[in-house]
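Trainee: First the structure, which I've put down as structure tokens, then a few questions once you've had a look.
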Amino acid sequence: MSKVNKQSKIEDRYKILYDINDSSDVRALDIEQLSELSDEVREFLIKSVAQTGGHFGSNLGVVELSVALHHVFDTPRDKVIWDVGHQAYAHKILTGRRDQLCTIRQKGGLTPFPKRSESEYDAFGVGHSATSISAAIGMERAHYTKKKQPHVTAIIGDGALTGGMAFEALNHAGDVGANVLVILNDNEMSISPNVGAMHKYLTRLVSSKQFQHLRCRSKKILSRNAPRVHEVARRVELSAKNMITPGALFEELGFEYYGPIDGHDTEALVKVLKNIKDSKGPRLLHVITEKGRGFKKAQEDATSLHAVSPFDVKTGKKIDQKVDKKNSKTYTDVFSDWILERAKKDIKLHAITPAMCEGSGLGEFRDKYPKRYHDVGIAEQHAVTFAAGLACEAKKPIVSIYSTFLQRAYDQLIHDVAIQNLDVMFVVDRAGIVGPDGATHAGSFDFSFLRCVPNLMIAAPADLSEGTKMLDVMYDFVGPTVLRYPRGGGVVQLKFNSTKIKIGKGQVLRNGKKIAILAFGAMVEKCVDVANELDVTLVNMRFVKPIDEKLIDKIVKAHHTIVTVEDNVIIGGAGSTVGEYVLNKGFDVKIKMLGLPDTFTMHGSRDEVLDDIGLSEEKIKNFIIKQINE
């Protein structure tokens, strides 16, 4: 079958979707057509993600909401900001990127999150969460003196409301009276009351223009002529709402609260959005959605089907892909096994995660040791200071966190842990290049921003066996420690890499001539064959802080060039540590540094990205040959 005929068949299956080329086409539809469009978008989304993999459950839950937003608001003039950006697939489908969805998370394809440079419809770039309301207020304040200002809507949910920044923004919006609409997408990852007939009736009532006009006039009259009566009336209204809705908190922060309403009733969504669209001041619409809606297995197991690899649509089973045997076990698996064993021996051990339980390998620990497991939600700052509090009371907290998310708790790491020299262990997953999730999730900077902090010990294992040993070393040390490792797997044990680990000591894996490669963490594996083929020295440095100064002294005397290799930015990274030491000692040796460039890396597979930036085996080899020939 030709590509033209195949495309024609696909288009025939969707009566409305293939006429939607941008949001103006959504606005042109009759309200009765919107539910059918939602069904088609959901079917298209399921089939597309089944082929490519990607974020799944959360996107299925916001299809109707996405359709309603683009029907009611004049996007892109009106600003729609998606929090937890992995909810934006339906938004991309409706805004001119339908035919590119099959490229999502792939090199050169669509980004997995909203990105301003990708589309004018992406009002704000999002990778981390709890940022949408702050951005919305900024956009609203930029236009609020205009007579006809754009509408600004922030959609927050999928757990993002647990982030403290969201509440800071809610407080600010209420304080300045910002004309923003916040939509709380409640998919049981935040507040989850039942949606019943009374809820629906009340929401339609209080969102109606007649009710809002009456309330506005009453407020003005009572506040001016009878302030005490006005205050009593306000409290009675708030108490009545609180009996049947969870809106009291938002009302106290200065928001008009509407909801909860069924987030899968497109017609109801459109009516309520139209009702409150032109209201003034901060408004919050509480929408109940179902994560994984329309795909039974995703509804039943929202956690494991939050993000998926390619799968069979009929069975839901993962499509078998080629698996490199050496990568069948991951560093996360090693940590998961280790913490279970260590917890048996030490009742002081507590594990903390900011809403990354399964991703960090803590699922079994949670089930086995629930009283020593703490998921604090998407609140990285709180996670670190909470750990500091545990350490003050003679517990041994382990903060399991992704590198990119540790950035959000940097102040707490310095002030609450390092300054007090508290016994907190950080296990940093997803360090270096993460691949398909792109720049927002890459762990590009941890060596750089951590090594300048006093009292911290920083290490990176070169293989899975070393990972287990290093976990023991870091845990037994009294004081703040950081162990960082990449996403995915590695070799179980590199040849000759089996000696006992001592704090601050590296290991020479092979002795060679002229050139010495000083490799850190996951990059050691990339250098083994290179070193053997070119007969150069290879060192597994193991520690970034303290750096092995005595080993560097020996290396300098026997080689004319040192090449450092790391999967962290070169600026301020592990190589800089070596360079600073050599410079201060006045050694006469050339230093060359390989690492991440001074740019944000694009999405693609880990190997594709490493090759693009010069960190594949072949490109490391070519770089070393160039040094030998100079």
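Trainee: Within segment 397-412, can one find any residue that is part of a loop (DSSP other than H, G, I, E, B), surrounded by fewer than 18 Cβ atoms within 10 Å (Cβ to Cβ) and in contact (Cβ under 8 Å) with a residue 12 or more places away in the chain? Even if it seems obvious, please write down each step before you answer.
Mentor: Start the filter on segment 397-412 by keeping residues that are part of a loop (DSSP other than H, G, I, E, B), which leaves none.
So far as segment 397-412 goes, no, none of its residues is part of a loop (DSSP other than H, G, I, E, B), surrounded by fewer than 18 Cβ atoms within 10 Å (Cβ to Cβ) and in contact (Cβ under 8 Å) with a residue 12 or more places away in the chain.
Trainee: A further question follows. Do you know which residues across segment 330-346 are among the hydroxyl-bearing types (Ser, Thr, Tyr) and outside any helix (DSSP H, G or I)?
Mentor: Filtering segment 330-346 down to residues among the hydroxyl-bearing types (Ser, Thr, Tyr) leaves 330-332, 336.
Thr330 - this is the single residue of segment 330-346 that is among the hydroxyl-bearing types (Ser, Thr, Tyr) and outside any helix (DSSP H, G or I).
Trainee: Would you please list the contacts, defined by Cβ atoms under 6 Å and residues six or more apart or on different chains, that run from a residue in segment 480-504 that is of a type in the set (Lys, Arg) to a residue that is part of a strand (DSSP E or B)?
Mentor: Filtered contacts from segment 480-504: Arg484/Val428.
Trainee: Moving on. Pull up segment 449-469, narrow it to residues that are without any contact (Cβ under 8 Å) to a residue 40 or more places away in the chain and in a loop (DSSP other than H, G, I, E, B), then point me to the one that is farthest from Val569 (Cα to Cα).
Mentor: The selected residue is Asn455.
Conditions tested, residue by residue: (1) in a loop (DSSP other than H, G, I, E, B); (2) in contact with a Gly (Cβ under 8 Å, 6 or more places away or on another chain); (3) modelled with pLDDT of 80 or more.
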| site | (1), (2), (3) |
| --- | --- |
| Gly259 | no, yes, yes |
| Leu269 | no, yes, yes |
| Gly281 | yes, yes, yes |
| His286 | no, yes, yes |
| Gly292 | yes, yes, no |
| Ser304 | yes, no, no |
| Gly316 | yes, no, no |
| Lys322 | yes, no, no |
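Trainee: Within segment 375-434, work out how many residues are more than 29 Å from Gly614 (Cα to Cα) and among the basic types (Lys, Arg).
Mentor: 2
Trainee: Given (1) in contact with a Leu (Cβ under 9 Å, 6 or more places away or on another chain); (2) over 21 Å from Val539 (Cα atoms); (3) buried (at least 18 other Cβ atoms within 10 Å of the Cβ), identify the lone condition not met by Leu471.
Mentor: Answer for Leu471: the failing condition is (2).
Trainee: Consider only pairs whose beta carbons are under 7 Å apart and that are at least six residues apart or on different chains; among these, list those whose first residue lies in segment 567-585 and is in the same structural domain as Gly595 (by TED's automatic domain parsing) and among the small types (Gly, Ala, Ser) and whose second residue is buried (at least 22 other Cβ atoms within 10 Å of the Cβ) and in a helix (DSSP H, G or I).
Mentor: Listed by first residue and then by second, the contacts come to Gly573/Phe447; Ala574/Phe447.
Trainee: Go through segment 363-396 and give me each residue that's assigned to a helix (DSSP H, G or I) and either in contact with a Lys or Arg (Cβ under 7 Å, 6 or more places away or on another chain) or polar (S, T, N, Q) (or both). Before the answer, list the steps.
Mentor: The initial filter retains those residues of segment 363-396 that are assigned to a helix (DSSP H, G or I), namely 363-368, 370-372, 380-392.
Glu380, Gln381, Thr385, listed by residue number.
Trainee: Another question, if that's okay. Evaluate the following for Ala130: is it crowded, with 24+ Cβ neighbours inside 10 Å, in contact (Cβ under 8 Å) with a residue 12 or more places away in the chain and at positive phi? Write out each step before concluding.
Mentor: Values: crowded, with 24+ Cβ neighbours inside 10 Å: yes; in contact (Cβ under 8 Å) with a residue 12 or more places away in the chain: yes; at positive phi: yes.
Yes, satisfied.
Trainee: Scanning for something of a type in the set (A, V, I, L, M) and modelled with pLDDT under 95, does segment 480-490 turn up at least one residue? Walk me through it before giving the result.
Mentor: As a first pass, look at segment 480-490 and keep what is of a type in the set (A, V, I, L, M): 482-483.
The next check asks that each one be modelled with pLDDT under 95; those that pass are none.
Scanning segment 480-490, I find no residue that is of a type in the set (A, V, I, L, M) and modelled with pLDDT under 95, so the answer is no.
Trainee: For Gly54, which of the numbered conditions (1) more than 23 Å from Thr153 (Cβ to Cβ); (2) over 22 Å from the mean Cα position of the chain (by Cα) fails to hold?
Mentor: Result: Gly54 passes all but (2).
Trainee: What number goes with the only condition from (1) surrounded by fewer than 24 Cβ atoms within 10 Å (Cβ to Cβ); (2) out of contact with any strand residue (DSSP E or B) (no Cβ under 7 Å at 6 or more places or on another chain) that Gln507 does not pass?
Mentor: The number of the failed condition is (2).
Trainee: Hey, Glu380 hits all of (1) modelled with pLDDT of 95 or more; (2) of a type in the set (D, E, K, R); (3) surrounded by 24 or more Cβ atoms within 10 Å (Cβ to Cβ) but one; which does it fall short on?
Mentor: (1)
The values are calculated or read from the model by the stated rules, or taken from the named source; none is laboratory data. Since this is a predicted model, take the numbers as computed values, not measurements. Note that we place each Cβ from the backbone using ideal geometry, even for glycine, and neighbour counts take in every protein chain shown.
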